[in-house]
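One structure is given here, and the rest of the page talks about it.
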Amino acid sequence: MRHVHFAVLLGFAVFTSALPSRFTRQNDDSSPKNAKVLILGGGVTGVIAARTLHEKGIDDFLIVEARDQLGGRMQNYTIGVPGKQYTVEVGPNWIQGTQTGNGTANPILTLARKHDVKNQYNDLDGSITTYDYNGFNDYRDLLNTSIDQFTQTGVVAGERVKTQQVDLSLQSAYGIIGATPKNLYESACQYYEVDWSPDQTSWIASAWNTNFTFDTDMGGFSDENNLCIDQRGFKTIIQAEAAEFIQPQQVSLNSVVASIEYSEDGATVTLTDGTTLTSDYVLCTFSLGVLQYGDVAFKPALPSWKMEAIQSMVMGTYTKIFLQFEEKFWFDTEMAVYADKERGRYPIWQNLDHVNFFPGSGLVFVTVTGDFSLRIEAMEDSDVQAEVMEVLRAMYPTTTVPDPVAFHFKRWHADPLFRGSYSNWPPSFLPGHSENLKATVDQRLWFAGEATSLKYFGFLHGAYYEGLHAGEEIAKCIAGGGCAGMQHEDYVVDAEPYPFVSITP
């Protein structure tokens with residue numbers, strides 16, 4: 001069975017290398033359009049939307065992808081000295097929430113099983129060693145307490161929803177339940193629970209986002225996380241899936257979108273090389289960060305309700321820094337937490353040279369997020385490596401810690417195709433904003449991605465479900481000869497007015 005899937009993937013690689021990268025529009029206005037549907041972006045959302053259209057009998061679509069392959073933020077990197085090289089994931093790495101018994105399976109897990117993509121249970125809460133700037137320091141009891149506190153914030157968030165209380169940040173929730181960190185150890189433990197996802201997190205949205213994925217009582221899949229360790233890369237799940245139904249003429253690789261001109265009659269997409277593509281419908285699956293930065297011009301400009309929704313959400317940055325050493329000298333557990341005097345300074349470590357992952361690889365990686373990620377993106381690799389090594393040597397003061405033989409991290413925020421890692425719901429982002437983020441503009445311009453998922457924002461399975469939903473809705477429009485699309489709210493308003501008559505002259 002493995003050989004069958006591998007052959008399919010090889011076939012996809014062969015035909016994508018020969019894909020036409022440009023489709024030139026004829027000047028005659030009466031000429032046929034390039035496709036009924038242009039799908040902008042070949043990540044999970046784009047490919048699943050295309051698959052859904054195909055299953056509905058609609059094959060007149062074109063995926064327009066800026067990179068040279070499908071996969072979006074599912075990207076890997078080959079790290080290591082010759083003869084000791086490994087594929088590591090610089091983007092999504094986990095199937096988060098898997099399956100409980102015969103219950104509903106995470107669709108990402110289903111794809112991994114279907115295409116024989118190797119993944120392994122990752123004990124994020126139970127297999128942990130703790131350190132500070134003086135070396136090993138066992139404060140796992142504080143970590144366990146922080147895990148319980150995180151659970152408690154979810155319970156209290158549910159009460160706030162019932163009583164319609166205003167939302168606050170997740171870090172504020174810790175203060176309300178009397179769990180404000182009192183020292184650097186409690187702060188590091190809170191970071192492990194809160195900031196490992198980007199900061200600026202909504203208390204209430206964080207609770208439902210967690211419950212719908214991990215809590216089976218709330219409809220979640222399971223409380224487990226599986227780490228992808230397949231040497232073909234995690235992207236295999238989406239590339240192999242695409243190989244089953246996409247034809248060469250249905251994908252345009254190396255095609256960067258510069259602008260989108262839309263009206264009630266259709267849309268014209270212009271690429272950075274001047275090529276134009278026309279269609280009846282356009283589905284934008286761009287990263288939220290790309291929309292926020294204005295890297296793609298919309299003509300006419302997007303309406304104010306759409307722009308408010310785009311700018312109200314947060315695009316977080318999450319950075320994994322990989323190091324390879326000739327020999328392993330670090331913790332034997334899967335994970336480690338480091339407490340520094342500066343909160344967020346290289347706090348979360350993962351041992352890839354573990355019997356469950358890549359034994360003998362000499363690989364370890366450290367994760368930073370938020371402002372610290374932006375900080376290191378502005379630094380030279382050598383300077384980042386020097387800082388990371390300073391922390392490692394502090395963790396092991398009695399060990400002669402050598403320099404790594406390989407070092408790598410990706411600058412997600414600086415990448416104009418992404419402008420960050422994944423979306424995050426802040427306290428000021430209301431359900432109406434979520435509706436407006438995915439709402440259709442002028443019937444022809446559609447939006448979908450993990451950011452538009454109400455229940456699963458920030459997750460790969462959120463991207464999957466949004467692609468599925470967008471494909472189904474667009475198919476209905478095509479079958480019905482047109483439709484209004486996803487509706488929006490003109491104004492997203494507060495529950496109560498502010499105590500001013502007016503703040504204008």
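The values are calculated or read from the model by the stated rules, or taken from the named source; none is laboratory data. Worth saying up front: this structure is predicted, and the values here are computed from it rather than measured. Ideal geometry is used to build each Cβ from the backbone, glycine not excepted, and the neighbour counts take in all protein chains shown.
Among the numbered conditions (1) among the aliphatic types (A, V, I, L, M); (2) in contact with a Ser or Thr (Cβ under 7 Å, 6 or more places away or on another chain); (3) over 20 Å from GLN69 (Cβ atoms), the only one that LEU253 does not meet is (3).
Mind listing whichever residues of the range 442-498 are outside any helix (DSSP H, G or I) and in contact with a strand residue (DSSP E or B) (Cβ under 7 Å, 6 or more places away or on another chain)? Lay out the reasoning, then the answer.
From the range 442-498, those outside any helix (DSSP H, G or I) are 442-449, 453-459, 480-498; that's our starting set.
ASP442, ARG444, LEU445, TRP446, PHE447, ALA448, PHE457, GLY458, PHE459, GLY485, listed by residue number.
Of the residues making up the range 140-196, just one is in contact with an Asp or Glu (Cβ under 8 Å, 6 or more places away or on another chain), aromatic (Phe, Trp, Tyr) and under 22 Å from THR317 (Cβ atoms), namely PHE150. Does THR45 qualify as being in contact with a Phe, Trp or Tyr (Cβ under 8 Å, 6 or more places away or on another chain) and modelled with pLDDT of 95 or more? When the stated conditions are applied, THR45 passes them.
Just so you know, in the range 258-273 the residues that are more than 12 Å from VAL64 (Cβ to Cβ) and in contact with a strand residue (DSSP E or B) (Cβ under 7 Å, 6 or more places away or on another chain) include one that is surrounded by the most Cβ atoms within 10 Å (Cβ to Cβ), and it is TYR262.
Candidates GLY344, GLY274: the one that is on the phi > 0 side of the Ramachandran plot, assigned to a loop (DSSP other than H, G, I, E, B) and without any contact (Cβ under 8 Å) to a residue 12 or more places away in the chain is GLY274. Does PHE221 satisfy the condition of being touching a residue at least 12 places away in the same chain (Cβ under 8 Å), closer than 26 Å to MET313 by Cα and outside any helix (DSSP H, G or I)? The answer is yes for PHE221. Selection of the range 228-249 for residues being among the polar types (S, T, N, Q) and buried (at least 19 other Cβ atoms within 10 Å of the Cβ) yields THR236, GLN239. Quick check on my filter: what residues within the range 245-296 are within 21 Å of the chain's Cα centre (by Cα) and among the aromatic types (Phe, Trp, Tyr)? Answer for the range 245-296, where residues must be within 21 Å of the chain's Cα centre (by Cα) and among the aromatic types (Phe, Trp, Tyr): PHE286, TYR293. Scan the range 61-83 and tell me whether some residue there is surrounded by 20 or more Cβ atoms within 10 Å (Cβ to Cβ), of a type in the set (Phe, Trp, Tyr) and within 27 Å of GLN249 (Cα to Cα). Checking the range 61-83: at least one residue is surrounded by 20 or more Cβ atoms within 10 Å (Cβ to Cβ), of a type in the set (Phe, Trp, Tyr) and within 27 Å of GLN249 (Cα to Cα). Restricted to the range 369-386, and to residues there that are crowded, with 16+ Cβ neighbours inside 10 Å and among the hydroxyl-bearing types (Ser, Thr, Tyr), the residue that is nearest to ALA258 (Cα to Cα) is SER373.
Could you check the range 351-370 and list, in sequence order, the residues that are in contact (Cβ under 8 Å) with a residue 60 or more places away in the chain and at negative phi?
In the first step, residues of the range 351-370 are kept if they are in contact (Cβ under 8 Å) with a residue 60 or more places away in the chain; the result is 352, 356-358, 361-363, 365, 367, 369-370.
Passing the criteria: LEU352, ASN356, PHE357, PHE358, SER361, LEU363, PHE365, THR367, THR369.
Within the range 289-308, if we keep just the residues that are in contact (Cβ under 8 Å) with a residue 60 or more places away in the chain and either among the hydroxyl-bearing types (Ser, Thr, Tyr) or in contact with a Gly (Cβ under 7 Å, 6 or more places away or on another chain) (or both), the residue that is surrounded by the fewest Cβ atoms within 10 Å (Cβ to Cβ) turns out to be TYR293. Pairs are defined by a Cβ separation below 6 Å, a sequence spacing of at least 6 or placement on different chains, a first member in the range 225-241 that is over 20 Å from GLN99 (Cα atoms), and a second member that is among the hydroxyl-bearing types (Ser, Thr, Tyr) and at pLDDT 95 or above; the pairs so defined are GLN231/THR87; GLY233/THR87. For THR151, the criteria (1) out of contact with any strand residue (DSSP E or B) (no Cβ under 6 Å at 6 or more places or on another chain); (2) part of a strand (DSSP E or B) hold in every case but one, which is (2).
The conditions of being under 22 Å from HIS461 (Cα atoms) and among the aliphatic types (A, V, I, L, M) are not met by LEU253.
Residue by residue, here is whether (1) at pLDDT 95 or above; (2) within 24 Å of the chain's Cα centre (by Cα); (3) closer than 21 Å to PHE322 by Cα; (4) not aliphatic (A, V, I, L, M) holds:
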position: THR130; (1), (2), (3), (4): yes, no, yes, yes
position: VAL161; (1), (2), (3), (4): no, no, no, no
position: GLN165; (1), (2), (3), (4): no, no, no, yes
position: LEU168; (1), (2), (3), (4): no, yes, no, no
position: SER172; (1), (2), (3), (4): no, no, no, yes
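Residues checked against (1) acidic (Asp, Glu); (2) at pLDDT below 95; (3) touching a His at 6+ places or on another chain (Cβ under 6 Å); (4) surrounded by 14 or more Cβ atoms within 10 Å (Cβ to Cβ):
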residue	(1), (2), (3), (4)
VAL388	no, no, no, yes
HIS408	no, no, no, yes
GLY420	no, no, yes, yes
ASN424	no, yes, no, yes
LEU430	no, yes, no, yes
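Consider the range 150-160 and keep the residues that are under 19 Å from PRO427 (Cβ atoms) and not small (Gly, Ala, Ser). The one that is surrounded by the most Cβ atoms within 10 Å (Cβ to Cβ) is THR153. Name the single residue that is surrounded by the most Cβ atoms within 10 Å (Cβ to Cβ) among those in the range 98-146 being touching a Cys at 6+ places or on another chain (Cβ under 8 Å) and assigned to a helix (DSSP H, G or I). By that ranking, first place goes to SER146. Any residue in the range 472-495 that is within 18 Å of THR52 (Cα to Cα), surrounded by 23 or more Cβ atoms within 10 Å (Cβ to Cβ) and at pLDDT 95 or above? Among the residues of the range 472-495, at least one is within 18 Å of THR52 (Cα to Cα), surrounded by 23 or more Cβ atoms within 10 Å (Cβ to Cβ) and at pLDDT 95 or above, which makes the answer yes. For first residues located in the range 161-182 and surrounded by fewer than 18 Cβ atoms within 10 Å (Cβ to Cβ) and part of a loop (DSSP other than H, G, I, E, B), partners that are modelled with pLDDT of 85 or more and not hydrophobic (A, V, I, L, M, F, W, C) and lie 6+ apart or on another chain with Cβ distances below 7 Å form the pairs LEU168/PRO427; ILE177/GLN149; ILE177/GLN152; ILE177/THR153; THR180/TYR174.
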